[in-house]
Protein chains: 2
Amino acid sequence: MAEKEKIDKKEHLLNVAERVFGEMGYDGASTRLLAQEAGMNMAMLNYYFGSKDGLLKAVVERRMSSTRKEFEVIAHQDMPCWEKINQIVQLYVSRVATSKYFHKIIFREISVIRTGSEVTDFVLENLYQNVMLVHQVLAEGIQKGEFREVDIEMTVAGIFGTVNYLINSRRLASKILKMDLMDDQVLQEEMKPRLLAYLQDSLKTHLLKNETEK
Amino acid sequence: MAEKEKIDKKEHLLNVAERVFGEMGYDGASTRLLAQEAGMNMAMLNYYFGSKDGLLKAVVERRMSSTRKEFEVIAHQDMPCWEKINQIVQLYVSRVATSKYFHKIIFREISVIRTGSEVTDFVLENLYQNVMLVHQVLAEGIQKGEFREVDIEMTVAGIFGTVNYLINSRRLASKILKMDLMDDQVLQEEMKPRLLAYLQDSLKTHLLKNETEK
DNA sequence: GTTTATTAATCAATCGATTGATTAACTTTG
DNA sequence: CAAAGTTAATCAATCGATTGATTAATAAAC
């Protein structure tokens, strides 16, 4: 039970840190606040993760690794590229919608210069891998004649950028979409399917050739 | 000449602050560093702008107001909606490409909770106004039968999100596009026209109806 | 009884902000 | 024109508060 509690407590701190980092940013979240929100002594933070940066690193790493594997599985399946893109987008939106704060954290991390942290490079490399998987599927689709000859890199940026925009600036997005994206239920049941529908429509018109025959 | 120097110095601090805030984030940029980078005593910061937050506010306000007016001019012109969208996108990309750090700042500002700052609400309201102008043009285009019946709000998010993604995560975008977006010349002469071409192509295929007749 | 977990107290460093003094530039006065 | 008065600009020094991190002492677990 001690082992269990230890793990639970560490896990609890990770969850709290993900939220607080996401809300206030890395520099905006003090170790005292992090510990207080997690209901533990602030020395425990260093005891568990060595440093504040170590805590951020742990928060980031536990989510990034798993996601890419799922991406890879889809990308290497044997199906039409249009299907692959569809599934990848679906997975990505799902991931983003369930972990509200995580994508804020990593996007902020790669947009800021924080000297002396290894986290940025880790995030950068991981995101790049994900991007390249989508890139690969698009290239394959074009090569097979399934897709129009679009600007692959920009198309990728369009997908990730759109999702990012809606998730990372949730207050603005709430005003635009006229729905409360802070509410998890609204996010899941209204915004998510709507975003998916848009991405599918947008990608379909942009990628697929005009089926003027018939 | 004294008057001139005073203004120049304030302006200089604003320029430096825009860069430093953009690079390190609000909390990451200390007033000492800001003053040092601007080559002045740190008391001048408070003398000019009252507080650190006042400096950020000044940095943000001097750019936001002017941009919206230009947006409005385009939106209210008498031309096909497709032309309007084109011009707005062109203006927006131009703006973003010339002020490298500014859009990092405002996007970060609306994605973070900073208690006791009026800046967030100001940014939020301004961005919303810009978004609504695009929204209005899209709605008009649909109503006139010029555009397909797309999800307007999502389409807007797609435009702003794509540009945002490329600008705010420039290091990642540099890896993806295989060009050095830190280099201003590359940004202007290679990335900007390419982004514009993509947005036009993407919007054209998504918004315009299939001209299969004729 | 030894290892592991947890605490309160404390560390040096840095934070944003303010102070009082000094300089420079312009105005007023004689 | 020159002396006296006034304002704005700039500085070094320092304020109290907070930062991330560490300690030494204690409690719990095995």
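The values are calculated or read from the model by the stated rules, or taken from the named source; none is laboratory data. Please read all numbers here as calculations on a predicted model, not as lab measurements. Note: ideal-geometry Cβ built from the backbone for every residue, glycine included; neighbour counts use all protein chains shown. The area values use the complete protein model at the heavy-atom level, side chains included, leaving out ligands, DNA and RNA. Shrake-Rupley method; radii C 1.70, N 1.55, O 1.52, S 1.80 Å.
Summary table
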| quantity | calculated |
| --- | --- |
| Residue, farthest from DNA strand D (Cβ to nearest atom), within segment A:31-44, restricted to residues that are farther than 24 Å from A:Ser169 by Cβ and open to solvent by 40 Å² or more (accessible area, probe 1.4 Å) | A:Gly39 |
| Only one of B:Lys6, B:Lys10, B:Lys52, B:Lys57 that is more than 13 Å from DNA strand C (Cβ to nearest atom) and either on the phi < 0 side of the Ramachandran plot or at pLDDT 95 or above (or both) | B:Lys10 |
| Test for A:Val163: is it outside any helix (DSSP H, G or I), at the interface with another protein chain (Cβ under 10 Å from one of its Cβ atoms) and either buried (at least 16 other Cβ atoms within 10 Å of the Cβ) or acidic (Asp, Glu) (or both) | no |
| Residue in segment A:145-153 that is of a type in the set (A, V, I, L, M) and under 21 Å from B:Leu199 (Cβ atoms) present | yes |
| Matching entry among B:Val96, B:Val89, B:Val60 (being aliphatic (A, V, I, L, M), surrounded by 18 or more Cβ atoms within 10 Å (Cβ to Cβ), within 15 Å of the chain's Cα centre (by Cα) and away from every other protein chain (no Cβ under 14 Å)) | B:Val60 |
| Of the criteria (1) within 21 Å of B:Phe49 (Cβ to Cβ); (2) in contact with a helix residue (DSSP H, G or I) (Cβ under 7 Å, 6 or more places away or on another chain); (3) not aliphatic (A, V, I, L, M), which one B:His135 fails | (1) |
| Segment A:89-131, residues that are within 16 Å of A:Asn168 (Cα to Cα), among the polar types (S, T, N, Q) and touching a helix residue (DSSP H, G or I) at 6+ places or on another chain (Cβ under 6 Å) | A:Ser111 |
| Failed criterion for A:Arg148 (all others in (1) charged (D, E, K, R); (2) under 20 Å from B:Met191 (Cβ atoms); (3) in contact with a strand residue (DSSP E or B) (Cβ under 9 Å, 6 or more places away or on another chain) hold) | (2) |
| Segment A:45-66, subset within 9 Å of DNA strand D (Cβ to nearest atom) and not charged (D, E, K, R), residue farthest from B:Ser117 (Cα to Cα) | A:Tyr47 |
| Leading residue by the ranking (most open to solvent (accessible area, probe 1.4 Å)) among those in segment A:45-57 that are free of Cβ contacts under 8 Å to residues at least 60 places away in the same chain and within 24 Å of B:Arg108 (Cα to Cα) | A:Lys52 |
| Residues located in segment B:13-46, provided they are more than 9 Å from DNA strand C (Cβ to nearest atom) and within 14 Å of chain A (Cβ to nearest Cβ) | B:Arg19, B:Val20, B:Phe21, B:Gly22, B:Glu23, B:Met24, B:Gly25, B:Glu37 |
| Flag if B:Arg114 is in contact (Cβ under 8 Å) with a residue 60 or more places away in the chain, within 8 Å of chain A (Cβ to nearest Cβ) and open to solvent by 10 Å² or more (accessible area, probe 1.4 Å) | yes |
| Qualifying residue in segment A:171-192 (condition: part of a loop (DSSP other than H, G, I, E, B), open to solvent by 40 Å² or more (accessible area, probe 1.4 Å), touching a residue at least 12 places away in the same chain (Cβ under 8 Å) and away from chain B (no Cβ under 11 Å)) | yes |
| One residue from A:Phe71, A:Phe21 being open to solvent by less than 10 Å² (accessible area, probe 1.4 Å) and more than 14 Å from DNA strand D (Cβ to nearest atom) | A:Phe71 |
